[in-house]
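Student: Pasting a structure below so you can have a look.
The values are calculated or read from the model by the stated rules, or taken from the named source; none is laboratory data. If you're wondering where the values come from, they're calculated on a predicted model, not measured in any experiment. Positions of Cβ are backbone-derived with ideal geometry, glycine not excepted, and every protein chain shown enters the neighbour counts.
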Amino acid sequence: MSIGYVAYLLLALVVVMFLSAAIRILREYQRGVVFTLGRFTGVKGPGLIILVPFIQQMVKVDLRVVVQDVPPQDVISRDNVSVKVNAVLYFRIVDAERAIIQVEDFMAATNQLAQTTLRSVLGKHELDEMLAERDKLNSDIQEILDQRTDAWGIKVSNVEIKHVDLNESMIRAIAKQAEAERLRRAKVINAEGEQQAAAKLVEAGRMLAAEPQAMQLRYFEALHDIAGERSSTVVFPLPVDLLSQFMKQQGK
């Protein structure tokens, strides 16, 4: 009788082990790449998956977006400036079959490809472009990575350059350049102001020349302003044309 119980117990144990080896449950964001005797037989999931023990094997694949940090890279820009640049990479698997079969380790492969692409793309641009046109550089890097990883079943959704580290001498040089640019703009603005003021003065002179009485009113207004300042010295403007008439009379 005891032998029969032991047999039933062993049979139940075998059934439990068989079911534990055969039954798999995949979550909504997971897929299973199934191999039968080493040959690819399909992608299954999500939900309940039943495998033939010792005959079929399954590799789980996560379809969620992966955020991967690209370590700092030494980049020499087109204008021969050495900088360190790091970035962050966003990608996800869209074809589980190719991600497992076409590449040994898709995570490491994508990371290494991102590093080489980052150096290659940034090396074609000058330092000012790296600092001012990050959106365009991000788009170029993302497009190149997306094309190269398509054969692995990976979709690169975004690439963001995080930091562009410069040495101290380059930071000082950029500061001097920015200061010189501000001085140049200030001089240009000042020159434009002088030009506009000269144009207005010429226009005012023409108007005053057309009406001599207006010039007298300006004299009176100037005297009124001087008197209001309580100054002991009063400078009275004398028209040049009046002096010329006086000199002509003296010459006669």
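Student: With respect to the numbered conditions (1) part of a helix (DSSP H, G or I); (2) more than 28 Å from Thr149 (Cα to Cα); (3) of a type outside the set (Asp, Glu), which one is the sole condition not fulfilled by Ile100?
Tutor: Looking at each condition in turn, Ile100 falls short on (2).
Student: Give the number of residues within region 49-108 that are surrounded by fewer than 14 Cβ atoms within 10 Å (Cβ to Cβ) and closer than 20 Å to Leu166 by Cβ.
Tutor: Residues in region 49-108 being surrounded by fewer than 14 Cβ atoms within 10 Å (Cβ to Cβ) and closer than 20 Å to Leu166 by Cβ: 7 in total.
Student: Same structure, new question: Pairs needed: first member in region 154-166, closer than 16 Å to Ala132 by Cβ and among the β-branched types (Val, Ile, Thr); second member anywhere, in a strand (DSSP E or B) and modelled with pLDDT under 90; C-beta distance under 7 Å; at least 6 residues apart or different chains.
Tutor: Once the first residue is closer than 16 Å to Ala132 by Cβ and among the β-branched types (Val, Ile, Thr) and sits in region 154-166, its partners that are in a strand (DSSP E or B) and modelled with pLDDT under 90 give Val164/Val83.
Student: For Asp140, state whether it is among the acidic types (Asp, Glu), assigned to a helix (DSSP H, G or I) and surrounded by 13 or more Cβ atoms within 10 Å (Cβ to Cβ). First the steps, then the outcome.
Tutor: Working: among the acidic types (Asp, Glu): yes; assigned to a helix (DSSP H, G or I): yes; surrounded by 13 or more Cβ atoms within 10 Å (Cβ to Cβ): yes.
The answer is yes for Asp140.
Student: Considering only residues that are among the aliphatic types (A, V, I, L, M) and surrounded by 12 or more Cβ atoms within 10 Å (Cβ to Cβ), which ones fall in region 118-137?
Tutor: Here is the first cut: in region 118-137, the residues among the aliphatic types (A, V, I, L, M) are 118, 121-122, 127, 130-132, 137.
Selection gives Leu118, Val121, Leu122, Leu127, Met130, Leu131, Leu137.
Student: Could you pull out every one of the helices (runs of 4 or more DSSP H) wholly within region 160-252 that has 2 or more residues that are at pLDDT 65 or above and not assigned by TED's automatic domain parsing to the domain that holds Ala87?
Tutor: 168-210, 212-228
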